[in-house]
Structure formats: C-alpha cells, structure tokens
Amino acid sequence: MIDRLLPIVASRWTRLVLVGLVVLGLQTTLFTDVRPFGVVAQLMLLLAVAAGVTYGFEVGAIAGLTLGFMYDCVLNTPLGLCSLVFGGAAAAAGALQFFIREPSWWLKIAAIVGTTFVAELVFPFALTMVGIGGWVRPRMIFVALGVTTINAIASPLALIVSRWTLKVSLGN
Amino acid sequence: MSAQRRRAIALLALTSIILVTLDLQQSGSTSLVRSIFSTVFRPVEGVARIVTRPVGNVWNGITNYNEVVDENDLLREKIAQQEGAAVAAAASVRLAQELLALNGLPTLAGINSVSAQVIGDAPSNYSQTVEINQGSESGIKVGMPVLNAAGLVGKVTKVFANRAVVMLVTDPEYALSVKVVNTPEALGPTAVNDPDAASVSSSSTTTTTTTTIAPSANIPGFTPGSNVTPSSSPGVSVSISVPSLTIPASSALGVRETGILEGRGPSRVPIVRFIDPEQRFGTVLAGTPIVTAGGSLSLAPPDIVVGKVSRVISRLGTAGPVLEIELVADLSNLSFVRILLYQPITESTTP
C-alpha cells in the first residue's frame, strides 16, 4: 500500500499542488495588500506560464489547468474559468519549444511576458462570455500592462520555482 | 506517456467547462468543491498572512506614508466638525426610530447585526470583493446586506463557517433596488420664517378657533400650517400661544422614486437607472440622497443610506435619467463592517 502511495506523494503533480497552495497563500494575503502599479499581481498565472515555458505544451497545460482551478476556488468568478484561461496561456507559452529547441533565458522571459499580457486581456472577455459583463473596458489594458510588468520582474524566480516543482524526480 | 498526458489535458479542460456550466447554474456541487478547498487552504492562508504581514506593512509604510499623514490631518479636522453635529443627529435618529416603532414600521434598530473585521481584499483584478472574519457560525447567510458606519458597503455572496465574502457595491454584478429622495424645487412662499406669522390670530365669529403657529426654524419642505380645533363654547374666541404640530403641505414633501443601483467596477461610480421620468417627481439635482428601497423581495431593508447623486445624465424619451452616485462609504479603506442579519419576508417564511 505504502509502496503505491509513495510515488504519488513524491510525484511532480503533488509537488505542484503543494507549491500552488503556498503561492496562492501569498496571492490572497500579501499581494492583495501590496499592489504594484495599482494592480493585483497574478502569481498563479505566472507559475503556470513559467511551467509551460520550462516543460513544454503538455506539462504547461496540465499545470495551468490545475493552478487555475485552485485560483478559481478562492475567487468569486465561475469555477473553472481561470482554469481554462491559465491552461490555455500555459499551453501557449509551452508552444515556444515547438519553434525553438533550447530557448535562451531572455526568450523564456519574453514568452512569459507575451502570454501573461494576452491571458490578462482574455480573462475579462471570458467573463463577458459567461454573462459577467462590465469588465471589458479600457482599464483592462492598464491592468494587463501592470500584471505583465510585475510578471516580467518576477519571472526569473518563477522559472526556478517551476523548474524545481515539476522536476520528474527530485533526486535528478 | 504523451497520449496519457493529452488525455489528462482533455479531461481537465472538460472538467473546467462542466464546472463553469454548473457554477453558472448555481449548483450545490461547486459550492461543496469550494468549501472543501477552503478547509484545506485556510491553514495555509493563515500562516501566509502571519508571515507576510510585516512585508505588507513595510510596503504600505513606504508607499502610503504621506497620504496617511495628510488623511490623518483631514480626519482630525472632520472629527472636530462632526462631533457636535453627531450628538444632535443621534438624538434625531433615536426620535425617528421611536416614532417608527410607535407606528409599527420596520427600523434598522430592530434588526440584529454582526460586526466583522475585513481580513482581505479581492485577489483578482476582476472582482470587487472583500473577505470578513465572520461566517455561518455567526448567523450570516448569502445575500445579507453589509454596512459600515457611513452606509451601505455591499452584500454577502459566499459564506463559510467562520468567514464570508462580501461583494462591494461597485462590483458590476451588484444590483439593488433604491429610493431617490427628491425634494421639490419650489417650496412655496410660506417656507420662509416670517416674524409676522408668529403672531396669533383669532376669530370669534364662528364656532371654531383658528390658531396659526410659526415654525421655530426654517425646515425645507415643511410649511407653517393651521390647526383647526372645535371650540368648547360657541361664539367664544380663544387665543392659544403654545406652539403645536404643523402639517406639511403635501406638495412640499420629499418625493420618493425607486430605481436600480448598479455597480460599474473600480474607479467608476455606481449608477441608478430606471428612474421614472414623470413630472411629479421633478428634476433630480446633484446632492439628492439615495437610500435602499426595501420591500418583500429586496435583500436589504429600507432606508439604509447608500450615497448621494453626484451627476445626472439626462436621456431623451421615456428612458428616464441615469444618476451617478457618490457612495457615503469609503470602499477603498474598509476595516470593520456590520452585517445585518436581515432576510426578506419572502425568504424568512420559507421552511
């Protein structure tokens, strides 16, 4: 029984959920008070996109869907909406590896910046699509720029965290 | 391995779509999922809050120091101004509540409430909510109105055992029936406190005595009236100098009209729509007070102060004007709130 449980507990996905909980804790406490440029930093989105950039399309999509679902659970918006947006963003970021086999660090950061910006713009449209209107306004461009700037600054750390979190085996 | 991952992606994406659909249908299963996650996440959040509080305080100290000092000075001045007025206002409120209670009308004083501390803001750029540290264990239910010392703040949208999420009035999803208490433009010439009117006039030709009393102060909307009382002995003139009640002229009373208050997101003031443009209501001016309308279906009891009209946007035809509202509650700086344990009659009678 323990032999079966151990691989699950030690798996990268369990680690992702645990790290996700810690990051979500920071998101709902520190980053609701600390609002650089007047916007809320999107750490869960950053972690998801960083996972995509580091490990590719498939791992990124699963990480994005998982982290997005966790974020959905603390938000007032429909459950599953962030999951879809984050999953899509992380998968898009992971598509970088289709074009460049071993992207340099600045290309990874550029991919994070680009996908973050698009995801932040897509989210209000997704809200409108499910009937929650009122968010598609010029302000969303300012929000997207703010979040993108924060994510660009924090992306080197996010890449390190995502690399460690989703490593196949911690011993490697 | 790749096929397995693709199946996982498809499964997760499909689950997300199903969850979105279920949540939009307000299914109980999504509430259960949130509740379970909240139970798991709460200890992590608690630790994160304790650990990160000093960092947050340092950030606020650096970025908001000058604003806090200026605000402090301004607040000291305001407190000095309002201390005197508050005593008189409290007496008036008490009197009004007693009068309402005497007449069997509902008052806010008769509704139990729970005080709560605001423990967190919305962790997203696309929702206007705050989290409070009281929940279902204190009797809080979804939909209950939330106020602070100034006025209406929002309504409870999610309840957990010992915390709840409050949707602010500025959220685009927020809507509430409100009353616009308009004062007629023309009050009539008798509204002026004329010293001559203070004199007592009597007539002795009829079987009744008429006494005219002047008001002690100018009260907009209230005019000196006449009390006609039957005389005890016919033909005898009686002069009364004791002030008595005056009856306001009906045309001079504040006219109330209902509309729907709607939030419009951060940095945009809420609006009131669906105001009847009929002539009787008159022209709405900036500064007109807005209070909750109440009613058997409304989630809030009547007469909670919401704000005042800051701008009137006129529209052609029968659409009626749109009113921009300046809220009395400062939603950017909430510390403590009061949740009224109020349920509309239609819900409280349901078993």
Would you mind telling me which numbered condition in (1) open to solvent by 10 Å² or more (accessible area, probe 1.4 Å); (2) out of contact with any Leu (no Cβ under 8 Å at 6 or more places or on another chain); (3) away from chain B (no Cβ under 14 Å); (4) of a type outside the set (Lys, Arg) A:Gln97 fails?
-> (3)
Determine whether segment A:75-89 contains at least one residue that is in contact with a Cys (Cβ under 9 Å, 6 or more places away or on another chain) and within 10 Å of chain B (Cβ to nearest Cβ).
-> yes
Residues located in segment A:140-149, provided they are surrounded by 21 or more Cβ atoms within 10 Å (Cβ to Cβ) and more than 10 Å from chain B (Cβ to nearest Cβ) | A:Thr148
Please list, ordered by first then second residue, the pairs with beta carbon atoms under 6 Å, 6 or more apart or interchain, first in segment B:117-129 and at the interface with another protein chain (Cβ under 7 Å from one of its Cβ atoms), second in a loop (DSSP other than H, G, I, E, B) and open to solvent by 20 Å² or more (accessible area, probe 1.4 Å).
-> B:Ser127/A:Asn76; B:Thr129/A:Asn76
Filter the helices (runs of 4 or more DSSP H) completely within segment A:13-82 down to those with at least 3 residues that are of a type in the set (Phe, Trp, Tyr).
-> A:57-72
Considering every residue within segment B:10-21, establish whether at least one is facing chain A (nearest Cβ under 7 Å), open to solvent by 70 Å² or more (accessible area, probe 1.4 Å) and in a helix (DSSP H, G or I).
-> yes
Taking A:Arg12 as meeting all but one of (1) of a type in the set (D, E, K, R); (2) over 26 Å from A:Val113 (Cβ atoms); (3) touching a helix residue (DSSP H, G or I) at 6+ places or on another chain (Cβ under 9 Å), write down the number of the exception.
-> (2)
Yes or no: B:Ile313 of a type in the set (A, V, I, L, M) and within 13 Å of the chain's Cα centre (by Cα)?
-> no
Does at least one position in segment A:11-27 carry a residue that is touching a Gly at 6+ places or on another chain (Cβ under 8 Å), facing chain B (nearest Cβ under 9 Å) and at pLDDT 85 or above?
-> no
Could you tell me whether B:Ser38 is within 11 Å of another protein chain (Cβ to nearest Cβ), over 29 Å from B:Asn333 (Cβ atoms) and part of a helix (DSSP H, G or I)?
-> no
Among residues of segment A:4-25 being in contact with a Leu (Cβ under 6 Å, 6 or more places away or on another chain) and open to solvent by 10 Å² or more (accessible area, probe 1.4 Å), the residue nearest to A:Gly68 (Cα to Cα) is A:Val23
Could you list all residues from segment B:43-67 that are acidic (Asp, Glu) and either within 29 Å of B:Asn162 (Cβ to Cβ) or facing chain A (nearest Cβ under 9 Å) (or both)?
-> B:Glu45
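Which ones in segment B:337-347 are open to solvent by 60 Å² or more (accessible area, probe 1.4 Å) and modelled with pLDDT of 90 or more?
B:Arg338
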Would you mind telling me which numbered condition in (1) within 9 Å of another protein chain (Cβ to nearest Cβ); (2) surrounded by fewer than 24 Cβ atoms within 10 Å (Cβ to Cβ); (3) more than 20 Å from B:Pro123 (Cα to Cα) A:Ile62 fails?
-> (2)
Of those in segment A:118-139 that are among the aliphatic types (A, V, I, L, M) and either open to solvent by 20 Å² or more (accessible area, probe 1.4 Å) or touching a Lys or Arg at 6+ places or on another chain (Cβ under 6 Å) (or both), the residue nearest to the other protein chains (Cβ to nearest Cβ) is A:Val130
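The values are calculated or read from the model by the stated rules, or taken from the named source; none is laboratory data. Keep in mind that what you see is a predicted model, and the values were worked out from it rather than measured. FYI the Cβ positions are ideal-geometry reconstructions off the backbone, even for glycines, and counts take in every protein chain you see. When the accessible area is computed, the model is the full protein with side chains, heavy atoms only, and any ligands, DNA or RNA have been set aside. Shrake-Rupley method; radii C 1.70, N 1.55, O 1.52, S 1.80 Å.
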